[in-house]
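K.L.:
Let me begin by handing over the structure; questions about it come next.
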């Protein structure tokens, strides 16, 4: 039963009851004729008719709102729930529905974006795994030839081992990304001296730099920050290793520390080829590589800079990159300084 009908019936019952009470009072207290009771029927009918007309107009905003809700449920996301009504409750109800629809649309857009990123991530992972697996499979099949010379067999074995190492690094980086996202809230923070971390990382990567005859060193000082030592070391290792891989033999990589406006600045600079005209923000996307400085033959997994970005942002910091005027790339991390 419609709301307008229910209101009309209720009004009619009240009117009939009131008329009946008045008729009883008139008969017993004022000696009126019993025909007074006959007024109950026409008064009840008239009150029902008038109440029905009034309730139809009074409930029209609710019917309009119901129509909008049905359109929204049918898939029309452009529905506007805002209704102009003199009834305060109707206006509040329509506003709440409008807010709910906007929130639902925002959540839906977020889910679509998340789904898109998930699909891209799965596609990228599959692509990254396919190349080394194909190399391993192809070389293993060739090694089944019993007449293959030992030197050739050894070369194929080296290729297989190289691709296995690449798969291991890719897996470790994927796990590192997952751990960083999961452990952001649980990580142990303490006062950290960034120069101590930089010097320890440089010492750790010194053999790799020496093998390529790269001059690797630390310059400057910076205020302490509140952070997780292991995570910050991982970020610096990734940046410095990335720089070493993209400079020529005999090149230079340096870590420059400074403090600017209550910020601790850690810059990793090299004199390599830089990253060209690429948008620096793209460098920190998972699996992104530039033609010049992110080629697969450099040995990277395409996840190192993405891991750095996650670590820096987990420390309320920011990271950016730019091509140095004199050549090479600069990756600059900025953290809130401790006083």
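K.L.:
Would you say residue 265 is farther than 20 Å from residue 303 by Cα, within 28 Å of the chain's Cα centre (by Cα) and touching a residue at least 12 places away in the same chain (Cβ under 8 Å)?
P.N.:
Yes.
K.L.:
In this structure, is residue 240 under 28 Å from the mean Cα position of the chain (by Cα), without any contact (Cβ under 8 Å) to a residue 40 or more places away in the chain and under 18 Å from residue 309 (Cα atoms)?
P.N.:
Yes, satisfied.
K.L.:
Filter segment 226-241 down to residues that are farther than 15 Å from residue 211 by Cα and crowded, with 23+ Cβ neighbours inside 10 Å, then give me how many there are.
P.N.:
Qualifying residue count, segment 226-241: 7.
K.L.:
Does residue 325 satisfy the criteria of being surrounded by fewer than 19 Cβ atoms within 10 Å (Cβ to Cβ), modelled with pLDDT under 90 and more than 27 Å from the chain's Cα centre (by Cα)?
P.N.:
It is true that residue 325 is surrounded by fewer than 19 Cβ atoms within 10 Å (Cβ to Cβ), modelled with pLDDT under 90 and more than 27 Å from the chain's Cα centre (by Cα).
K.L.:
Given 103, 167, which one is surrounded by 10 or more Cβ atoms within 10 Å (Cβ to Cβ), in contact with a helix residue (DSSP H, G or I) (Cβ under 8 Å, 6 or more places away or on another chain) and either at pLDDT 80 or above or not in a loop (DSSP other than H, G, I, E, B) (or both)? I'd like the intermediate steps shown before the answer.
P.N.:
Details: 103 fails: in contact with a helix residue (DSSP H, G or I) (Cβ under 8 Å, 6 or more places away or on another chain).
Only one candidate passes the filter, namely 167.
K.L.:
Consider residue 270 carefully, then state whether it is at pLDDT 90 or above and over 23 Å from the mean Cα position of the chain (by Cα).
P.N.:
Yes.
The values are calculated or read from the model by the stated rules, or taken from the named source; none is laboratory data. Computed from a prediction, not measured in an experiment: that's the story for all the values here. Virtual Cβ from ideal backbone geometry, glycine too; neighbours counted across all protein chains shown.
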